[in-house]
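These notes concern the structure reproduced below.
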Amino acid sequence: MTTISRHFFGDSEQTVFSISIVENMKEDYGLFVWPCSIVLAEYVWQQRPRFSGGNVVELGAGTCLPGLIAAKVGSNVTLTDDANRLEVLENMRTVCELNKLKCEVLGLTWGVWDASIFSLHPKIILGADVLYDARAFDDLFATVTFLLQSNPGSVFITTYHNRSGHHLIEFLLVKWGLKCVKLLDGFSLLPSDKAARLSGNIQLAEIVLSHEQIEETSSSGAR
């Protein structure tokens, strides 16, 4: 069953714009707007001066609400999801057309080094609820680390459900030479009307290369 949901963004006094999303929960979990996407999209909206004019890549974008907000506030956006999930990629194109937004849609499978990943040059990498399947964590962090190394000064901003504490995330950050420079309670970002409709323990993290990784990357590039 296909439905269209509308998501509103604005200040305390009025709505500035809305985004329409085509959802189909019965078909694929990538075709549903999850709470982490709503939190990350709100963060993009609140940080909109930071996004204006920059290159943004959304990983595991699904219904791509955060990426669409980035496009709406002036980013050059590439929306990505698993290259094998053709129905999700097609839904992305449909949603972009529905909202009259120009975004590139790209099949990108985490941990696979094909031409698609080498074409990306993001200033900001977005990922909403991409930390849900522990079996995919290493592939995800391998992809994120490559993009951060290839684009000095870039940052990975992700929202996730804190299901089992931060210990696993902290372990993966150390393993891949990354560090968290900002960690926020997702609900602290939301207007009261949006927060009332969501549940869970959602965290927002900004992740960058550690100093050791930056030095190692610089040394490799100088050879």
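The values are calculated or read from the model by the stated rules, or taken from the named source; none is laboratory data. On a predicted model such as this, the values are computed, not experimentally measured, just so you know. Cβ: placed from backbone, ideal geometry, glycine included. Neighbour counts: every protein chain shown. For the accessible areas, the whole protein counts, side chains as well, though only heavy atoms, and no ligand, DNA or RNA atoms are used. Shrake-Rupley method; radii C 1.70, N 1.55, O 1.52, S 1.80 Å.
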field: Inter-residue pairs, beta-carbon under 6 Å, first more than 18 Å from Gln47 (Cβ to Cβ) and open to solvent by 80 Å² or more (accessible area, probe 1.4 Å) and in segment 1-20, second of a type in the set (Ser, Thr, Tyr) and part of a strand (DSSP E or B), 6+ apart
entry: Ile4/Ser20; Arg6/Ser18; Arg6/Ser20
task: Kindly indicate which of Gly200, Gly177, Gly186, Gly165 is at positive phi and at pLDDT 90 or above.
output: Gly177
field: Some residue of segment 128-150 being aliphatic (A, V, I, L, M), open to solvent by 20 Å² or more (accessible area, probe 1.4 Å), at pLDDT below 95 and under 20 Å from Val33 (Cα atoms)
entry: no
message: Against the conditions (1) closer than 21 Å to Thr63 by Cβ; (2) in contact with a strand residue (DSSP E or B) (Cβ under 7 Å, 6 or more places away or on another chain); (3) not aliphatic (A, V, I, L, M), where does Tyr132 fall short? Just the number, please.
response: (2)
Qualifying residues in segment 42-60 (those that are part of a loop (DSSP other than H, G, I, E, B) and free of Cβ contacts under 8 Å to residues at least 40 places away in the same chain) - the one most open to solvent (accessible area, probe 1.4 Å): Ser52
message: Please go through (1) open to solvent by 20 Å² or more (accessible area, probe 1.4 Å); (2) assigned to a helix (DSSP H, G or I); (3) at pLDDT below 95 for Thr94 and return the number of the only condition it doesn't satisfy.
response: (3)
